[in-house]
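Enquirer: Pasting a structure here, questions to come.
Please treat every number below as a calculation from the coordinates, not as lab data. For clarity, every value in this text was computed on a predicted model and none was experimentally measured. Quick reminder, even Gly has a Cβ in these numbers, built from the backbone with ideal geometry, and neighbours come from all protein chains shown.
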Amino acid sequence: MTEGTSVHTQAADEVPADSLIPTLPGTDYTDPGTFRLEQEHIFEAQWFCAVRSSDLDKPGAFRTVQIGRESVIVTRARDGKPRAFLNVCRHRGARLCTEESGAVKRSFQCPYHAWTYGLDGKLIAAPNLTSMPDIDRTAYGLQPLNLTEWLGYVWVCLADTPPSFEETVVADVVARLGSTEAIDNYGVDGLTVGKRITYDVKANWKLIIENFMECYHCATIHPELTEVLPEFADGYAAQFYVGHGAAFGEDVEGFTVDGSEGFGRIDGVSEEQDRSYYAITVRPQVFVNLVPDHVIFHRMYPVAVDRTIVECDWLYTQEVVDSGKDLSRSVEIFHRVNQQDFDACERCQPAMSSRQYARGGVLVPSEHHIGEFHTWVEAAIAPGRT
Ligand code: FES
Ligand code: FE
């Protein structure tokens, strides 16, 4: 590693509290080769939060999502369980589904030569296949992928031997909140999508994570959020609120765009969690915000080195959604935060290729914990660098 082509990152606890530490170099946000390594060694190697389970509301309902370099179909089989497959026909490789979502009755049929697959992925029919009675239909089924469900989402892993979900995804949450009980209290899996907004962000996925991990920018770009959470006006990092959250302002009634009343506290949310806001990053591509009456759940789909699709769900109790009450003030606060954050990321992306940023920038003390994220990314892709 030669000076000028890369930088060493340091864990936050290794540097003096008053120093500046380097970021990653600009090329890590613009180089397709680096992005390819991240696709291979992060998104295709780890558990990836793919779809909300309730989107698969009946057998045959499906969504297609990009995970790393692969298009993946997530569907619900006739046994009621979710299944995930590579979106590639086993005959000559046509993309099976081109729609982002939809529903089939009982099978997926390839539009090219009409090979047909059951909801369990098994090859069930193909023109003239009867003339080949010995063909092993399981061997030519769709390629199944490992999956699990947690917090009401289907998490998929493309690795042949997935890492332990408990020791990676769940441990990440425990490291930030202190326990799973802190998130279990919100009953996230039983909540209902009250609103979903998809953002097409012209920025590298790491800029979005870094932004989410710090609140140094809150005083500058989030006027509505700092009204509701006055502590953030001082530029503290949301992630510092491990276990105790950021308190609502005294005259704030609810987590809404104008601080007006929200909805009733979710059953299970503790006294300590009431009137508090928590922000959690779950690597590699999920952000969760917890407030007493709803949960805001972001999933990133990095699709290019300079482009990331972010799907954001606002989750409420079924009772709130069924009541027909106006959700707009409740949704609007974080929709504005999202727009403000993504605008900031898009402002940074073009400058990542500037000669001035070739060696990167710096992290101020309240951002030092981002250095640990950089170390994590570098370690994950290191095997591909050699
Ligand atoms: Fe799908 Fe031929 S490529 S049936
Ligand atoms: Fe922000």
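Enquirer: Looking at the P(r) of region 189-292, how many percent of alpha-carbon pairs lie beyond 15 Å? Display every interim value, and only then the final one.
Expert: Details: 3627 of 5356 pairs.
The calculated P(r) of region 189-292 puts 68 percent of pairs beyond 15 Å.
Enquirer: At a Förster radius of 45 Å, what calculated FRET efficiency corresponds to the Cβ-Cβ distance of ARG137 and ASP251, to the nearest 0.05?
Expert: 0.10
Enquirer: Starting from 0 in steps of 10 Å, tell me what percent of the Cα-Cα pairs of the chain lands in each bin.
Expert: That works out to 5, 21, 30, 24, 13, 5, 1, 0, in percent per bin.
Enquirer: Select from SER366, LEU207, THR180 the residue farthest towards the positive end of the dipole of the chain; place +1 on Cβ of Lys and Arg, -1 on Cβ of Asp and Glu, and compute about the Cα centre.
Expert: Farthest towards the positive end: LEU207.
Enquirer: Related question: Normalised by the residues of the chain, what does the relative contact order come to in percent, with Cα pairs under 8 Å and at least six apart?
Expert: 23 percent
Enquirer: Next question, about the same structure. Mind listing the long-range amide H neighbours of TYR153? Cut-off is under 5 Å, sequence gap 5 or more, other chains count too, H placed in the peptide plane at 1.01 Å from N.
Expert: SER53
Enquirer: Going by amide H atoms built from the backbone, whose H comes under 5 Å of the H on VAL303, apart from near neighbours?
Expert: THR308, ILE309
Enquirer: Now, a different point. Excluding ASP55 itself, what net charge comes from residues whose Cβ is under 11 Å from its Cβ, given Lys and Arg +1 and Asp and Glu -1? Each step should come with its number before you reach the end.
Expert: Values: positive: ARG52, LYS58, ARG63, ARG76, ARG196; negative: ASP57, GLU100, GLU311, ASP313.
Residues near ASP55 contribute +1 overall.
Enquirer: Additional query: Among the lysines, which fall within straight-line cross-link reach of LYS195, defined as a Cα-Cα distance under 26 Å, with same-chain neighbours fewer than 8 residues apart omitted?
Expert: LYS58, LYS81, LYS206, LYS325
Enquirer: When N is the residue count of region 304-386, what does its C-alpha Rg come to as a fraction of 2.2 N^0.38 Å? Don't jump to the answer; show the numbers that get you there.
Expert: On the way: Rg = 18.8 Å, N = 83, 2.2 N^0.38 = 11.8 Å.
The value comes to 1.60.
Enquirer: Can you run phi through the Karplus equation (6.51, -1.76, 1.60; θ = phi - 60°) for region 328-339 and list ³J(HN,Hα) in whole Hz, with x for Gly and Pro?
Expert: These are the phi-based 3J(HN,Hα) values: 4, 5, 5, 6, 4, 4, 7, 4, 5, 4, 4, 4 Hz.
Enquirer: Grab the other residues whose beta carbon is less than 15 angstrom from that of GLU346, score K and R as +1, D and E as -1, and report the net. Intermediate values should be presented prior to the final figure.
Expert: Numbers: positive: LYS202, LYS206, ARG307, ARG347; negative: ASP200, GLU210, ASP306, ASP341, ASP343.
Around GLU346, the surrounding residues sum to -1.
Enquirer: Related question: Using packing as a proxy for protection, rank 163-176, 67-80 so that the peptide with the highest average count of other Cβ atoms within 10 Å comes first. It would help to have the intermediate numbers written out before the result.
Expert: Working: 163-176: 15.1, 67-80: 17.7.
Result, highest mean Cβ count within 10 Å first: 67-80, 163-176.
Enquirer: Still on this structure, I have one more. Tell me which of GLY384, GLY259, TYR278 sits at the most positive position along the dipole axis of the chain, charges placed on C-beta atoms (Lys, Arg +1; Asp, Glu -1).
Expert: GLY384
Enquirer: Is the C-alpha gyration tensor of region 100-214 telling us rounded, prolate or oblate? Criteria: a/c under 1.5 is rounded; beyond that, a/b larger than b/c is prolate, otherwise oblate.
Expert: prolate
Enquirer: Another question about this same structure. Step through the residues of region 189-201 one at a time and calculate ³J(HN,Hα) from phi using the Karplus curve (6.51 cos²θ - 1.76 cosθ + 1.60, θ = phi - 60°), rounding each to whole Hz and writing x for Gly and Pro.
Expert: Rounded to whole hertz, the list is 5, x, 7, 10, 6, x, 7, 9, 10, 10, 10, 9, 9.
Enquirer: How do HIS294, HIS222, HIS369 rank when sorted from fewest to most other Cβ atoms within 10 Å of their own Cβ? Walk me through the intermediate numbers first.
Expert: Numbers: HIS294 27, HIS222 21, HIS369 17.
Ranking HIS294, HIS222, HIS369 by Cβ neighbours within 10 Å, fewest first, gives HIS369, HIS222, HIS294.
Enquirer: Moving on to the next point. Can you work out ³J(HN,Hα) from phi for every residue in region 52-68, in order, using Karplus 6.51 cos²θ - 1.76 cosθ + 1.60 and θ = phi - 60°, giving whole Hz and x for Gly and Pro?
Expert: 6, 4, 6, 5, 9, 7, 7, x, x, 5, 9, 9, 10, 9, 9, 10, x
Enquirer: Output the peptides 39-47, 136-144 sorted from most to least packed, where packing is the average of other Cβ atoms within 10 Å over each peptide's residues. If you can, show how the numbers build up before the last one.
Expert: Numbers: 39-47: 20.6, 136-144: 13.7.
Ranked by mean Cβ neighbours within 10 Å, highest first: 39-47, 136-144.
Enquirer: Ratio of alpha-carbon Rg to the 2.2 N^0.38 Å globular estimate for region 9-144, to two decimals, please. Intermediate values should be presented prior to the final figure.
Expert: Details: Rg = 20.7 Å, N = 136, 2.2 N^0.38 = 14.2 Å.
Normalised Cα radius of gyration, region 9-144: 1.45.
Enquirer: Output the lone cysteines of the chain: those with no second cysteine's C-beta under 4.7 Å from their C-beta.
Expert: Flagged as lacking a Cys partner: CYS49, CYS97, CYS157, CYS312, CYS345, CYS348.
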